[in-house]
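Step one of this worksheet: look at the structure below.
The values are calculated or read from the model by the stated rules, or taken from the named source; none is laboratory data. Just so it is clear, the structure is predicted and the values come from calculations on it, not from any experiment. Neighbour counts run over all protein chains shown; Cβ positions are idealised from the backbone, glycine included.
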Amino acid sequence: MPIVKSSIDVNAPLDVLYNTAKDIEAFPEFMSDVKSVEILERKPDGTVSSWVGIVKEFATTIKWVEDDTWDDEAKTCVFKLVKGDYSKYSGVWTFTDLGGGKSRFESEIEVEYDVPMIGALIKGLIAKKMKENVDGMLKAIKEKIEQ
């Protein structure tokens with residue numbers, strides 16, 4: 001199971017970064033590979049959300065439901081797959097104050113997507129695509145905040 005790690009520094013205070021990332025329903029407005037995010041349940045410490053991602057290279061979508069636990073004090077989000085097209089999908093987002101009005105967004109995701117009858121070659125491609133998507137997500141959030 002590939003683990004995809006990425007981070008980006010943002011020219012914004014920690015609370016601005018954290019709150020922008022926490023507003024997952026807005027992601028389709030500024031992320032081209034996210035078709036939709038719908039909150040299915042709001043909990044005191046998070047949400048259960050339904051996602052539809054766009055995979056342009058395969059002209060298809062990937063759908064999943066995840067359970068997000070947001071820790072406003074620690075500035076983290078731990079998420080895990082409830083159901084969907086992924087075999088495994090879980091991870092953590094960590095937000096850090098760098099001082100001077102700057103902050104860091106770190107993402108670590110463990111992902112597995114089994115495609116019957118295709119094998120290991122496509123799994124490597126999917127891991128690469130997931131890394132590109134995570135990098136793109138972090139960059140999109142940075143650009144939204146810094147614009």
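Between a residue in region 88-100 that is closer than 19 Å to THR20 by Cα and any residue that is crowded, with 17+ Cβ neighbours inside 10 Å and aromatic (Phe, Trp, Tyr), which pairs come within a Cβ distance under 8 Å, given they are 6 or more apart or on different chains?
GLY91/PHE79; VAL92/PHE79; TRP93/PHE79; TRP93/PHE105; THR94/PHE105; PHE95/TYR18; PHE95/PHE105
Out of the residues in region 5-31 that are touching a helix residue (DSSP H, G or I) at 6+ places or on another chain (Cβ under 8 Å) and among the hydroxyl-bearing types (Ser, Thr, Tyr), state the one that is nearest to GLN147 (Cα to Cα).
THR20
ALA74 fails exactly one of the following numbered conditions: (1) of a type outside the set (Phe, Trp, Tyr); (2) within 18 Å of LEU138 (Cα to Cα); (3) outside any strand (DSSP E or B). What is the number of that condition?
With (1) of a type outside the set (Phe, Trp, Tyr); (2) within 18 Å of LEU138 (Cα to Cα); (3) outside any strand (DSSP E or B) applied to ALA74, the lone miss is (2).
Checking GLU29 against (1) farther than 20 Å from LYS131 by Cβ; (2) in contact (Cβ under 8 Å) with a residue 12 or more places away in the chain, which test does it fail?
Result: GLU29 passes all but (2).
Regarding PRO2, is this residue within 18 Å of GLU112 (Cβ to Cβ) and of a type outside the set (D, E, K, R)?
Yes, satisfied.
Condition first: among the aliphatic types (A, V, I, L, M) and within 16 Å of GLU110 (Cα to Cα). Now tell me which residues in region 63-89 satisfy that. Full working, then the answer.
Keep residues of region 63-89 that are among the aliphatic types (A, V, I, L, M), which gives 65, 74, 78, 81-82.
Those that are among the aliphatic types (A, V, I, L, M) and within 16 Å of GLU110 (Cα to Cα): VAL65, VAL78, LEU81, VAL82.
Can you tell me which residue is farthest from the chain's Cα centre (by Cα) among those in region 93-119 that are among the hydrophobic types (A, V, I, L, M, F, W, C) and either at pLDDT below 90 or over 28 Å from VAL82 (Cβ atoms) (or both)?
Only one residue fits best here, namely MET117.
Rundown of residues vs (1) without any contact (Cβ under 8 Å) to a residue 60 or more places away in the chain; (2) out of contact with any helix residue (DSSP H, G or I) (no Cβ under 7 Å at 6 or more places or on another chain); (3) over 19 Å from LYS131 (Cβ atoms); (4) β-branched (Val, Ile, Thr), yes/no style:
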position: ASP33; (1), (2), (3), (4): no, no, no, no
position: TRP64; (1), (2), (3), (4): yes, yes, no, no
position: GLU73; (1), (2), (3), (4): yes, yes, yes, no
position: ASP85; (1), (2), (3), (4): yes, yes, no, no
position: LYS102; (1), (2), (3), (4): no, yes, yes, no
